[in-house]
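The values are calculated or read from the model by the stated rules, or taken from the named source; none is laboratory data. This one's a predicted model, so the numbers in the text were calculated from it and none came from an experiment. Glycine also receives a Cβ, built like all others from the backbone with ideal geometry; neighbour counts cover every protein chain displayed.
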Amino acid sequence: MAEQHHEDWDPRSAGVQTDQIRAYDAMRTECPVAWSDYQQWTLFRHADVMRALEDHHTFSNAVSAHLSVPNGMDPPEHTPYRKAIEPYFAPEPMARFEPVCRDVARALVQSLNKNKPLDVVNTLSRPFALHIQCAFMGWPDSLHQPLAEWVMKNHRATLARDRSAMADVAEEFDGYIRDLLNSRRRTREPAPDDVTTRLMREQINGQPMTDEELVSLLRNWTVGELATISASISILTHYLAHHPELLNDLKAAPEQLSDAIDEILRMDAPLISNRRVVTQEVEIGGRTIPAGAKITLLWASANRDEVAFGNPDQFCPRQNAARNLLYGAGIHVCPGAPLARMELRIFMEELLKQIEAIEQADGEQPERAMFPTGGFNYLPLVFR
């Protein structure tokens, strides 16, 4: 029988939001399966999160009442969409996109104003995420500023759980995408051979995707890309500012960058969590969770679980790689992981070619991002 519950914690409290990572570390020990009015049930331990990832029958992705392609789907509905999008992240298209990605990263890094304090978030991480997403999708530069503003609106509405604002923000994004789709259909010129055009031609179960499906897919790709790539750049530069010996090692051996990036982002998560809904009553960690309850899988805690990783702050990329949940696991493992890994590797390669050191700016303190975002809102650093 499902238990009566009271709030075990408040995910939006000042104590949690000031330093999400440390707050989650404490909860993992004190109350590893916790109830809150805001998130319902939250899983903090690596083993419990893995249990949910490996049992999609009990822990369903169909959380949202709105269409969410393919993130909010379970098999068999999920399968043909997943089969359609995975080729976009295969080795051949990644190799084709790599020179474009490098051009974007190099141009941004070469414009750095060295030896003076700058905010990494507004100078590097958000611009890179915006430019690289538009380049990958084949979207015009004119979308950069509207998308940047939209990301901030989406973040505020999600944090507040303001359903009216969230609906307005979703509708605004949908408008941008519908305009893009319609402009390609109206033009007499051949449509550009890019990711957006190819997606418009995809078929699911023998039928073209509807505009509603296309918009949902593109919204999910864009939200995930812009938020996590931006957060990742801020986390990586912050970490290297505090670990100059590692920065020097990576400058000398850039082939180690990919593993190092995954490990740094294990310790400090760019994506805080994802949600599931349980399809039947289930017991986890001594707590009884009723059918229909929502569950938050807290990557930012599971990836720091001492049982799985020992000291969560110890940099051990090879030792920790197999258990690292940076891109999830199971049938819903992130399909865009090859793209994200390539973008972050190339950005850091180009950055390390141009600088000798990264330092925290004197007299200024960074400001951590708030749930549901990882990384930083403000990160004052000096590049030498």
Log entry, pairs with first residue in segment 113-138 being more than 20 Å from residue 354 (Cβ to Cβ), second being of a type in the set (D, E, K, R) and crowded, with 22+ Cβ neighbours inside 10 Å, beta carbons closer than 9 Å, six or more apart or on different chains, reads 136/343
Conditions (1) polar (S, T, N, Q); (2) more than 25 Å from residue 347 (Cα to Cα); (3) in contact with a helix residue (DSSP H, G or I) (Cβ under 8 Å, 6 or more places away or on another chain) -> residue 273 fails only (2)
Filter segment 205-226 for residues that are buried (at least 17 other Cβ atoms within 10 Å of the Cβ) and among the hydroxyl-bearing types (Ser, Thr, Tyr); the one that is farthest from residue 68 (Cα to Cα) is 222
Open item on the list: Take the conditions of a type outside the set (Ser, Thr, Tyr) and within 25 Å of residue 97 (Cβ to Cβ) and apply them to residue 370. Does it pass?
Closed with: no
Going by the structure shown, is residue 34 crowded, with 19+ Cβ neighbours inside 10 Å, over 30 Å from residue 196 (Cβ atoms), at pLDDT 95 or above and more than 20 Å from the chain's Cα centre (by Cα)? yes
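Residue-wise test of (1) of a type in the set (Gly, Ala, Ser); (2) in contact with a Leu (Cβ under 8 Å, 6 or more places away or on another chain).
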{"residue": "258", "(1), (2)": "yes, no"}
{"residue": "266", "(1), (2)": "no, yes"}
{"residue": "283", "(1), (2)": "no, no"}
{"residue": "313", "(1), (2)": "no, no"}
The residue that is surrounded by the fewest Cβ atoms within 10 Å (Cβ to Cβ), considering only those in segment 117-144 that are of a type in the set (S, T, N, Q) and farther than 18 Å from residue 218 by Cβ, is 122
Of those in segment 56-78 that are more than 16 Å from residue 216 (Cβ to Cβ) and polar (S, T, N, Q), the residue nearest to the chain's Cα centre (by Cα) is 60
Of the candidates 296, 288, 279, the one satisfying the condition of being in contact with a Lys or Arg (Cβ under 8 Å, 6 or more places away or on another chain) and among the hydroxyl-bearing types (Ser, Thr, Tyr) is 296
Taking segment 227-245 and the residues there that are surrounded by fewer than 22 Cβ atoms within 10 Å (Cβ to Cβ) and in contact (Cβ under 8 Å) with a residue 12 or more places away in the chain, the one that is farthest from the chain's Cα centre (by Cα) would be 244
Out of (1) of a type outside the set (A, V, I, L, M, F, W, C); (2) surrounded by fewer than 16 Cβ atoms within 10 Å (Cβ to Cβ); (3) without any contact (Cβ under 8 Å) to a residue 60 or more places away in the chain, the one residue 281 does not meet is (3)
key: So residue 111, is it over 28 Å from residue 241 (Cα atoms) and over 23 Å from the mean Cα position of the chain (by Cα)   = no
Counting only residues in segment 303-349 that are part of a helix (DSSP H, G or I) and of a type in the set (D, E, K, R), the one nearest to residue 274 (Cα to Cα) is identified as 323
Contact list, first residue from segment 38-60 and within 23 Å of residue 16 (Cβ to Cβ) and part of a helix (DSSP H, G or I), second anywhere and of a type in the set (Lys, Arg) and at pLDDT 95 or above, beta-carbon distance below 7 Å, six or more apart or interchain, is 46/323; 52/276
Flagged in segment 64-112 as among the hydrophobic types (A, V, I, L, M, F, W, C), free of Cβ contacts under 8 Å to residues at least 60 places away in the same chain and in a loop (DSSP other than H, G, I, E, B), in numbering order, are 65, 73
Within segment 5-31, the count of residues that are surrounded by 14 or more Cβ atoms within 10 Å (Cβ to Cβ) and assigned to a helix (DSSP H, G or I) comes to 10
When segment 80-108 is checked residue by residue, the ones that are under 15 Å from residue 202 (Cα atoms) and among the acidic types (Asp, Glu) are 86
Over segment 157-204, the set of residues surrounded by fewer than 14 Cβ atoms within 10 Å (Cβ to Cβ) and under 20 Å from the mean Cα position of the chain (by Cα) is 160, 161
